[in-house]
Amino acid sequence: MPDAGQDVARAPPETSGSVRLSPMCIEIRLTPRERQLVAAILGGARNREIARQLGLKEQTVKNQLATLYRKTGASNRLELALLVVTHRIDIGIVRD
């Protein structure tokens with residue numbers, strides 16, 4: 001069961017680009033802040049813009065992105081965005 005304030009995202013077992021997924025479904029738990037960071041990345045925001053939008057220091061954004069990369073296995077923001085979009089990981093964005 002997820003911890004309070006965390007969502008569980010599941011991706012299908014497959015490989016996309018250089019993001020390697022295990023043969024079993026992966027489970028990624030994203031905090032509300034991590035979902036905000038991913039949404040900002042998908043919107044094309046740079047670290048400085050994300051920091052300004054969320055009222056954080058740029059270094060804090062970098063640290064939180066490093067944590068996201070470790071959690072997801074992504075090496076950079078492009079791989080993270082591809083993982084989220086390709087595997088339809090729910091980050092709480094409502095699309096029209």
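The values are calculated or read from the model by the stated rules, or taken from the named source; none is laboratory data. Treat the numbers as computed from the prediction; the structure is a model and nothing was measured. A quick note on method: Cβ atoms are made from the backbone with ideal geometry, for glycine too, and the neighbour counts reach across all protein chains shown.
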TODO: Go through the stretch 41-92 and give me each residue that's of a type in the set (Lys, Arg) and outside any helix (DSSP H, G or I).
DONE: Arg46, Lys57, Arg88
Task: Residue that is surrounded by the most Cβ atoms within 10 Å (Cβ to Cβ) [pool: residues in the stretch 74-96 that are over 12 Å from Val38 (Cα atoms) and at pLDDT below 90] - done: His87
